[in-house]
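**Student:** Quick one: this structure, given as structure tokens, is what I'll be asking you about.
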């Protein structure tokens, strides 16, 4: 019996002829209409010629994943004031190819490029109610959600999340810090009700959210209530470090208190 292994090839995108397929994939994943706005190939070419990073993942020669971003420098008063970093604007994987390690491979390719350029951190923003994304970013990659931004892009007027405010958590990935392993959440948590975790010897809060979030059937009130709780916790100094499924249709955020400073790691 012969087993055929389908190999994923991840490469940096640098030329104009590599930029059209990523835009088509972006439109597919976010369910955009032909009239909905999207990045243009011209924008991506300009971006990579001026310090940005674009990478694609190919399976049997077909693009199945894509990420792009641009260089940033934190303003005075920011956590990383005056430091240069890479800001990842987008990471997408074709729906039928998700949960196969493609996103992780893309992220580590971006990381390798950023390190070669002398950068120590990558930032990006993600939807706090998409638990699978939160788990990937926090538990798999090892980033930390350090800031909640209310309605970051304004109310969504196209694609799959139309009509909802775009609340976001800003994540920071310290490229030299190993992934931390956090305790599994306990059973019996109530949706949207934060509780302290007394099993550990540091200030840690647990917050249950739906493990699957569908904007097509979700209510605005539930979206508002859950995001309000996350906003209040992070506004009072808590940082999101883990998000794991806990059964009964729930996923559980772990948020820990304390200043997030360069090189800081939380005790286990």
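The values are calculated or read from the model by the stated rules, or taken from the named source; none is laboratory data. Worth saying up front: this structure is predicted, and the values here are computed from it rather than measured. Using ideal geometry, Cβ is built from the backbone for each residue, glycine included, and neighbour counts are taken over all protein chains shown.
**Student:** Cβ-Cβ distance below 6 Å, separation of 6 or more or different chains: which pairs start in the range 135-148 with a residue that is within 13 Å of residue 103 (Cβ to Cβ) and end on one that is in a helix (DSSP H, G or I)?
**Tutor:** 141/107; 143/137
**Student:** Quick one: residue 167 ticks every box in (1) touching a helix residue (DSSP H, G or I) at 6+ places or on another chain (Cβ under 6 Å); (2) within 17 Å of residue 84 (Cα to Cα) bar one, so which box is it?
**Tutor:** (2)
**Student:** Okay, moving on. Just for the range 81-99: of the residues that are buried (at least 17 other Cβ atoms within 10 Å of the Cβ) and in contact (Cβ under 8 Å) with a residue 60 or more places away in the chain, which one is nearest to residue 117 (Cα to Cα)?
**Tutor:** Per the stated criteria, the residue is 92.
**Student:** Any idea which residue in the range 140-173 is modelled with the lowest pLDDT, counting only those that are more than 11 Å from the chain's Cα centre (by Cα), crowded, with 18+ Cβ neighbours inside 10 Å and not in a loop (DSSP other than H, G, I, E, B)?
**Tutor:** Selected residue: 161.
**Student:** Among the residues of the range 113-123, are any in contact (Cβ under 8 Å) with a residue 40 or more places away in the chain, part of a loop (DSSP other than H, G, I, E, B) and surrounded by 16 or more Cβ atoms within 10 Å (Cβ to Cβ)?
**Tutor:** yes
**Student:** When the range 174-208 is examined, which residues are found to be outside any loop (DSSP other than H, G, I, E, B) and either modelled with pLDDT under 95 or out of contact with any helix residue (DSSP H, G or I) (no Cβ under 7 Å at 6 or more places or on another chain) (or both)? If you could, list the steps in order and put the result at the bottom.
**Tutor:** So the first thing to find is which residues in the range 174-208 are outside any loop (DSSP other than H, G, I, E, B), and the list is 174, 191, 195-196, 204-208.
Passing the criteria: 174, 191, 195, 196, 204, 206, 208.
**Student:** Turning to a different aspect of this structure: Quick one: count up the residues across the range 235-248 that are crowded, with 21+ Cβ neighbours inside 10 Å and over 13 Å from residue 206 (Cβ atoms). Lay out the reasoning, then the answer.
**Tutor:** Narrowing the range 235-248 to residues crowded, with 21+ Cβ neighbours inside 10 Å: 238-243.
Among the residues that remain, those that are also over 13 Å from residue 206 (Cβ atoms) are: 239.
Selection size over the range 235-248: 1.
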